[in-house]
Amino acid sequence: MSAVHRSIGNVMVLLQRPGDGRVLTVRHRETSWHSPGMLTVVGGRLEEGEFLDEGAARELAEEVGIHLAPDRLRFCQLPHFHAADGERVIGAVFTVREWEGTPYNREPQTHSELVWVDPAAPPPDCHPFTHEVLTRFATGQLYANVIAPEMRGGEAG
(Lines give C-alpha, C1' and ligand atoms only; values in the text may rest on other atoms or scores of the structure.)
Protein backbone atom coordinates (compact mmCIF):
# COMPACT_ATOMS: atom_id res chain seq x y z
CA MET A 1 0.00 0.00 0.00
CA SER A 2 1.46 3.36 -0.98
CA ALA A 3 1.60 6.45 1.21
CA VAL A 4 -0.98 9.16 0.71
CA HIS A 5 0.35 12.03 -1.39
CA ARG A 6 -0.77 15.52 -0.40
CA SER A 7 -0.36 18.46 -2.74
CA ILE A 8 -0.68 21.96 -1.33
CA GLY A 9 -2.20 24.88 -3.24
CA ASN A 10 -0.43 28.23 -3.04
CA VAL A 11 -1.39 31.57 -4.58
CA MET A 12 0.72 34.59 -5.42
CA VAL A 13 -0.14 38.04 -6.74
CA LEU A 14 2.19 40.24 -8.75
CA LEU A 15 0.88 43.76 -8.25
CA GLN A 16 2.57 45.48 -11.19
CA ARG A 17 2.89 49.27 -11.42
CA PRO A 18 1.67 50.48 -14.79
CA GLY A 19 4.28 53.23 -15.17
CA ASP A 20 7.47 51.21 -14.80
CA GLY A 21 6.40 47.55 -14.62
CA ARG A 22 7.87 47.00 -11.16
CA VAL A 23 6.26 44.35 -8.97
CA LEU A 24 5.41 44.76 -5.30
CA THR A 25 7.27 42.50 -2.87
CA VAL A 26 7.19 42.21 0.91
CA ARG A 27 10.29 41.85 3.09
CA HIS A 28 9.90 39.18 5.74
CA ARG A 29 11.14 39.94 9.22
CA GLU A 30 14.35 38.30 10.42
CA THR A 31 12.21 36.01 12.60
CA SER A 32 10.61 34.30 9.56
CA TRP A 33 11.29 30.54 9.59
CA HIS A 34 11.31 30.22 5.79
CA SER A 35 12.60 33.54 4.43
CA PRO A 36 14.29 35.69 7.14
CA GLY A 37 14.98 39.21 5.85
CA MET A 38 14.16 38.19 2.27
CA LEU A 39 11.79 39.66 -0.28
CA THR A 40 8.84 37.54 -1.39
CA VAL A 41 5.77 38.19 -3.51
CA VAL A 42 2.36 38.71 -1.95
CA GLY A 43 0.67 35.37 -1.39
CA GLY A 44 0.20 32.28 0.69
CA ARG A 45 -1.61 28.97 1.00
CA LEU A 46 -5.23 28.49 0.11
CA GLU A 47 -7.71 28.32 2.94
CA GLU A 48 -10.34 25.60 3.11
CA GLY A 49 -12.98 25.93 0.41
CA GLU A 50 -11.23 28.69 -1.56
CA PHE A 51 -10.75 28.79 -5.30
CA LEU A 52 -7.35 30.02 -6.51
CA ASP A 53 -8.51 33.49 -7.52
CA GLU A 54 -10.44 33.94 -4.26
CA GLY A 55 -7.38 33.03 -2.20
CA ALA A 56 -5.19 35.37 -4.22
CA ALA A 57 -7.61 38.28 -3.73
CA ARG A 58 -7.77 37.51 0.02
CA GLU A 59 -3.96 37.43 0.33
CA LEU A 60 -3.69 40.75 -1.53
CA ALA A 61 -6.14 42.38 0.87
CA GLU A 62 -4.59 40.79 3.98
CA GLU A 63 -0.97 41.62 3.17
CA VAL A 64 -1.09 45.00 1.41
CA GLY A 65 -4.64 46.33 1.79
CA ILE A 66 -5.66 46.20 -1.87
CA HIS A 67 -9.24 44.98 -2.22
CA LEU A 68 -10.49 43.78 -5.58
CA ALA A 69 -12.85 41.21 -7.02
CA PRO A 70 -11.18 37.90 -7.91
CA ASP A 71 -12.22 38.27 -11.56
CA ARG A 72 -9.88 41.29 -11.87
CA LEU A 73 -6.87 39.00 -11.36
CA ARG A 74 -5.14 37.71 -14.50
CA PHE A 75 -3.49 34.30 -14.45
CA CYS A 76 0.18 34.52 -15.46
CA GLN A 77 2.09 31.47 -14.20
CA LEU A 78 1.85 27.96 -12.73
CA PRO A 79 4.97 26.98 -10.77
CA HIS A 80 5.34 23.52 -9.20
CA PHE A 81 7.87 23.56 -6.39
CA HIS A 82 9.13 22.14 -3.11
CA ALA A 83 8.19 24.38 -0.18
CA ALA A 84 10.65 25.17 2.62
CA ASP A 85 9.10 22.37 4.69
CA GLY A 86 9.72 19.89 1.85
CA GLU A 87 6.12 19.59 0.66
CA ARG A 88 5.41 19.61 -3.07
CA VAL A 89 3.36 22.71 -3.85
CA ILE A 90 1.45 23.85 -6.92
CA GLY A 91 1.23 27.61 -7.14
CA ALA A 92 -0.99 29.85 -9.18
CA VAL A 93 0.43 33.28 -9.91
CA PHE A 94 -1.86 36.15 -10.87
CA THR A 95 -1.06 39.68 -11.94
CA VAL A 96 -2.90 42.94 -11.38
CA ARG A 97 -2.02 46.12 -13.28
CA GLU A 98 -4.92 48.37 -12.24
CA TRP A 99 -6.27 48.89 -8.73
CA GLU A 100 -7.61 51.53 -6.42
CA GLY A 101 -5.82 52.65 -3.28
CA THR A 102 -2.22 52.60 -2.12
CA PRO A 103 -0.59 49.35 -0.98
CA TYR A 104 0.64 49.38 2.61
CA ASN A 105 2.07 46.88 5.07
CA ARG A 106 -0.97 45.32 6.77
CA GLU A 107 1.12 42.62 8.47
CA PRO A 108 3.90 44.51 10.30
CA GLN A 109 4.37 41.54 12.63
CA THR A 110 5.38 39.45 9.56
CA HIS A 111 6.77 41.99 7.06
CA SER A 112 9.15 44.86 7.70
CA GLU A 113 8.59 46.78 4.44
CA LEU A 114 7.16 46.82 0.93
CA VAL A 115 9.60 47.05 -1.98
CA TRP A 116 8.90 47.58 -5.69
CA VAL A 117 11.32 45.48 -7.78
CA ASP A 118 12.11 45.00 -11.46
CA PRO A 119 10.89 41.48 -12.29
CA ALA A 120 13.54 41.15 -15.03
CA ALA A 121 16.34 41.86 -12.52
CA PRO A 122 15.23 40.80 -9.02
CA PRO A 123 17.52 41.99 -6.23
CA PRO A 124 19.84 39.47 -4.55
CA ASP A 125 17.83 39.53 -1.33
CA CYS A 126 14.80 37.94 -3.01
CA HIS A 127 13.94 34.47 -1.77
CA PRO A 128 15.22 31.99 -4.42
CA PHE A 129 11.69 30.90 -5.27
CA THR A 130 10.52 34.52 -5.60
CA HIS A 131 13.50 35.19 -7.87
CA GLU A 132 12.38 32.34 -10.13
CA VAL A 133 8.75 33.48 -10.20
CA LEU A 134 9.75 37.06 -11.08
CA THR A 135 12.25 36.17 -13.82
CA ARG A 136 9.87 33.65 -15.37
CA PHE A 137 7.10 36.29 -15.27
CA ALA A 138 9.39 38.77 -17.03
CA THR A 139 10.04 36.27 -19.83
CA GLY A 140 6.40 35.16 -20.14
CA GLN A 141 7.02 31.57 -19.07
CA LEU A 142 3.66 30.13 -17.99
CA TYR A 143 4.78 26.86 -16.35
CA ALA A 144 7.88 25.96 -14.37
CA ASN A 145 9.22 23.17 -12.18
CA VAL A 146 11.09 25.16 -9.55
CA ILE A 147 13.66 23.35 -7.44
CA ALA A 148 15.31 25.35 -4.66
CA PRO A 149 19.13 25.34 -4.78
CA GLU A 150 19.31 23.34 -1.53
CA MET A 151 17.21 20.58 -3.14
CA ARG A 152 19.69 20.34 -6.07
CA GLY A 153 22.89 20.17 -4.11
CA GLY A 154 23.68 23.86 -4.47
CA GLU A 155 22.93 24.50 -8.15
CA ALA A 156 21.24 27.76 -9.03
CA GLY A 157 17.51 27.54 -9.79
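Of the accessible area of the chain, with the probe set at 1.4 angstrom, what percent is carbon plus sulfur? List each step's numbers first, then the result.
Values: 4500 of 8400 Å².
It is 54 percent, rounded to a whole number.
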### Task
Could you tell me whether the range 91-142 comes out rounded, prolate or oblate from its Cα gyration tensor? Rule is a ≥ b ≥ c as square roots of the eigenvalues, rounded for a/c under 1.5, then prolate if a/b exceeds b/c, otherwise oblate.
oblate
### Task
Can you pull the one-decimal nm distance between simple spin-label points at residue 67 and residue 98, each 7 Å off the Cα toward Cβ?
2.0 nm
### Task
Would you calculate, for the chain, the mean residue ellipticity at 222 nm contributed by helices, counting each DSSP H stretch of 4 or more residues as -39,500 (n - 2.57) and dividing by all residues, to the nearest 500?
-5000 deg cm²/dmol
### Message
With a 1.4 Å probe and all protein chains kept in place, how much accessible area does residue 31 have, in Å² rounded to the nearest 10?
### Response
120 Å²
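By how many nm would the segment from residue 139 to residue 33 lengthen if fully extended, with 0.36 nm per residue of separation less the alpha-carbon distance? Write down the numbers at each step before the final one.
On the way: separation 106, 0.36 × 106 = 38.16 nm, distance 3.00 nm.
Once the chain is fully extended between residue 139 and residue 33, it gains 35.2 nm.
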### Message
Please compute the per residue accessible area over the chain with all protein chains in place, 1.4 Å probe, rounded to a whole number of Å².
### Response
54 Å²
#### Entry: Dipole magnitude (debye, nearest 20) for the chain, charges at Cβ of Lys, Arg, Asp, Glu
300 debye
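Taking the convex hull of the alpha carbon atoms in the range 1-133, what volume per residue do you get, in Å³? Don't jump to the answer; show the numbers that get you there.
Details: hull volume 15.4 nm³, N = 133.
Measuring per residue, one finds 116 Å³ for the Cα hull of the range 1-133.
May I ask you to compute the full-extension gain from residue 54 to residue 20, defined as 0.36 nm times their residue separation minus their alpha-carbon distance, rounded to one decimal in nm?
That works out to 9.5 nm of additional length.
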### Query
If you stretched the chain out fully between residue 106 and residue 121, how much longer would it get, using 0.36 nm times the residue separation minus the C-alpha to C-alpha distance?
2.8 nm
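The values are calculated or read from the model by the stated rules, or taken from the named source; none is laboratory data. Everything numeric in this text was worked out from a predicted model, so none of it was measured. Glycine also receives a Cβ, built like all others from the backbone with ideal geometry; neighbour counts cover every protein chain displayed. To get the accessible areas, we keep the full protein, side chains included, count just its heavy atoms, and leave off ligands, DNA and RNA. Shrake-Rupley method; radii C 1.70, N 1.55, O 1.52, S 1.80 Å.
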